[in-house]
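What follows is a set of notes on a single structure, which appears directly below.
Every read-out reported here was derived from the displayed coordinates using simple, explicitly stated rules and does not represent laboratory data. Source: prediction; values computed, not measured. Counting neighbours? That spans all protein chains shown, and the Cβs are built from the backbone with ideal geometry, glycine included.
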Ligand SMILES: N[C@@H](CCC(=O)N[C@@H](CS)C(=O)NCC(=O)O)C(=O)O
């Protein structure tokens, strides 16, 4: 039993959303770097921890292992309520919080299993290119659905930053530097997410784990 969280993660991956939540909550954690998630060796190592061969996985201080980024983020928000990273049960914003956390995980994040290695499903460069284009379009469509249904304030659910903002801030950067595509698909949400990029509590984490390199927003 340790008092520290152990997070199996990779730079630029969905694990960074959990790193961001742990950082804001000021919880002690160590990262076991799984290297690039395209790498077969890292995938085999990850299989010993998560049979889905995916990061993130979070070992809690009591030894319990959690996988599934949305579940981990929601659990952190509700287990450490003083950090106010999510509306608690009974809060009027709770249904929207659960809805959109699940939506990002199920409708958007899951497409990256297909995008990242299309050869797991189809053969040949033409089919891979088609998957690349069609998943990119589907991701934009999903961001647009969020844009149409949310009424953001400074943050996606209102005046307070939640783990939903952290989730979207990271995932909207994928799909070949997709952030500008996100801004176009979800213009109402853009300022909220820029606010997360600029949050001083996260500056060191972004610099180390998902840097804003020249051209990072894409086209
Ligand atoms: N449903 C999982 C998806 C995790 C996931 O797809 N992680 C990526 C890195 S961002 C990964 O490990 N991909 C390797 C693979 O699927 O083979 C979650 O939400 O945590």
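Compute the length gained on full extension between residue 36 and residue 207: take 0.36 nm times their separation in residues and subtract their Cα-Cα distance, giving the result in nm to one decimal.
59.8 nm
Which order do peptides 187-195, 138-146 fall in by mean Cβ count within 10 Å, highest first?
Packing proxy ranking, top to bottom: 138-146, 187-195.
Taking 0.36 nm per residue of separation and subtracting the Cα-Cα distance, what length does fully extending residue 123 through residue 195 add?
Full extension from residue 123 to residue 195 adds 21.8 nm.
Stretch residue 45-residue 149 to full length: gain in nm at 0.36 nm per residue minus the Cα-Cα span?
33.5 nm
Obtain the nm distance between the two label points defined at residue 78 and residue 53 by a simple spin-label model: each point lies 7 Å from its Cα along the Cα-to-C-beta direction.
Spacing of the two 7 Å Cα→Cβ label points: 3.2 nm.
Stick to the Cα atoms of the stretch 124-219, pair each with every other, and give me the Kirkwood hydrodynamic radius in Å at one decimal.
14.1 Å
Counting DSSP beta bridges with both partners in the chain, what percentage is antiparallel, nearest 5?
Antiparallel bridges make up about 60 percent of those DSSP assigns within the chain.
Round to a whole angstrom and tell me the spacing of the C-alpha centers of the stretch 6-35 and the stretch 86-113.
20 Å
For the stretch 32-133, what are Rg and Dmax over the alpha carbons, in angstrom?
For the stretch 32-133, the Cα radius of gyration and maximum Cα-Cα distance read 16.9, 51 Å.
What ranking do 88-98, 168-178 get when scored by the average of other Cβ atoms within 10 Å per residue, highest first?
Output ranking for 88-98, 168-178: 168-178, 88-98.
Using only alpha carbons, build the gyration tensor for the stretch 5-83 and give me the equivalent ellipsoid semi-axes, biggest first, whole Å.
The three semi-axes for the stretch 5-83 are 22, 12, 10 Å.
Using the 10 angstrom Cβ neighbour count as an exposure proxy, how do 151, 134, 9 rank, fewest first?
151, 134, 9
Sorted from largest to smallest, which semi-axis lengths in Å does the alpha carbon gyration tensor of the chain give for its equivalent ellipsoid, taking the root of 5 times each eigenvalue?
Listed largest to smallest, the semi-axes of the chain are 25, 23, 16 Å.
Taking Cα pairs under 8 Å and at least six residues apart, what relative contact order does the stretch 5-83 come out at, in percent?
Value for the stretch 5-83: 35 percent.
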